[in-house]
Amino acid sequence: MKAARLAVALGLLAALSACGLRPIYAGGSQGVVAQGLAAVEVSPIEGREGWLVRNALNDRLGQAGVNVTPRYRLDVLLDDQLEGLGLLTDDTIGRERFTLRARYQLTDLDSGAILVDATAGSDAGIDVVSSEYATIAAEQRAMENLAEQVAERIVTSLSLALNPPS
């Protein structure tokens, strides 16, 4: 019985190794993807939202304190929208939806070729309460969270694009 289980386990292990999957970040900080991400220069992005997204991107790309010659440039255009939802009985807004969308392009600085041209986005719901201060604080926190989420989606997309086929 144990021998049969061992044979099945070894067979599944062999099948798994033949599936062609490999880690994106193989090689750690010396791997192809990590080195490619560290060589991405993020262009300035307009507005407070742009500042938040750019900082989140630089943190994720490994640029904080790293002196690497840029091989790629990332251009990002943001579109944010705050809309009121959920009218209460006194015709005031009880809920808001904050949306952040980014259109981004990764350009190879040597050839000028656009390697990635895509969009990413996220949205958050905000409760509107009687305290104006609390509502503004919630809107600001939502924007910070959305900037982090959009940056994460952009970096994931770039990681896939910079991952050479096996």
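Within the stretch 136-149, track down each residue that is of a type outside the set (Asp, Glu) and closer than 14 Å to GLN81 by Cα. I'd like the intermediate steps shown before the answer.
Step one: of the stretch 136-149, the residues of a type outside the set (Asp, Glu) are 136-138, 140-143, 145-147, 149.
The answer is GLN140, ALA142, MET143, LEU146, ALA147.
How many residues does the stretch 30-50 contain that are within 18 Å of GLY121 (Cβ to Cβ) and exposed (fewer than 15 other Cβ atoms within 10 Å of the Cβ)? The qualifying residues number 3.
If you go through the stretch 112-132 and keep only what is surrounded by fewer than 17 Cβ atoms within 10 Å (Cβ to Cβ) and either of a type in the set (D, E, K, R) or not in a strand (DSSP E or B) (or both), you end up with GLY112, ALA113, ASP117, ASP123, ASP127, VAL129, SER130, SER131, GLU132. Going through (1) under 23 Å from ARG73 (Cα atoms); (2) over 19 Å from the mean Cα position of the chain (by Cα) one by one, LEU115 falls short only on (2).
Within the stretch 143-166, being small (Gly, Ala, Ser) and over 16 Å from LEU100 (Cβ atoms) holds for SER159, ALA161, SER166.
Considering ARG73, ARG95, which residue is modelled with pLDDT of 90 or more, among the basic types (Lys, Arg) and outside any loop (DSSP other than H, G, I, E, B)?
Values: ARG95 fails: modelled with pLDDT of 90 or more.
Within the list ARG73, ARG95, the selection yields ARG73.
Looking only at the stretch 90-99, decide whether some residue is closer than 25 Å to VAL42 by Cα, buried (at least 17 other Cβ atoms within 10 Å of the Cβ) and free of Cβ contacts under 8 Å to residues at least 60 places away in the same chain. Yes, that holds for at least one residue. Taking residues in the stretch 43-55 that are touching a residue at least 40 places away in the same chain (Cβ under 8 Å), and partners anywhere that are assigned to a helix (DSSP H, G or I) and not aliphatic (A, V, I, L, M), the pairs with Cβ atoms closer than 7 Å and at least 6 places apart or on different chains are LEU52/GLU144.
A residue that is closer than 20 Å to GLY125 by Cβ, surrounded by fewer than 19 Cβ atoms within 10 Å (Cβ to Cβ) and modelled with pLDDT under 85 occurs nowhere in the stretch 54-64.
Scoring ALA138 on the criteria (1) closer than 24 Å to SER43 by Cα; (2) surrounded by 13 or more Cβ atoms within 10 Å (Cβ to Cβ) leaves a single failure, condition (1). Checking each residue in the stretch 133-166 for being without any contact (Cβ under 8 Å) to a residue 24 or more places away in the chain, part of a helix (DSSP H, G or I), of a type outside the set (A, V, I, L, M, F, W, C) and more than 19 Å from ARG48 (Cβ to Cβ) picks out only THR156. With respect to the stated conditions, ALA124 fails to be without any contact (Cβ under 8 Å) to a residue 24 or more places away in the chain, farther than 20 Å from ASP59 by Cα and touching a strand residue (DSSP E or B) at 6+ places or on another chain (Cβ under 7 Å).
The values are calculated or read from the model by the stated rules, or taken from the named source; none is laboratory data. Computed from a predicted model, the values in this text were never measured in an experiment. Heads up, the Cβs are rebuilt from the backbone with ideal geometry, glycines too, and the neighbour counts pull from every protein chain shown.
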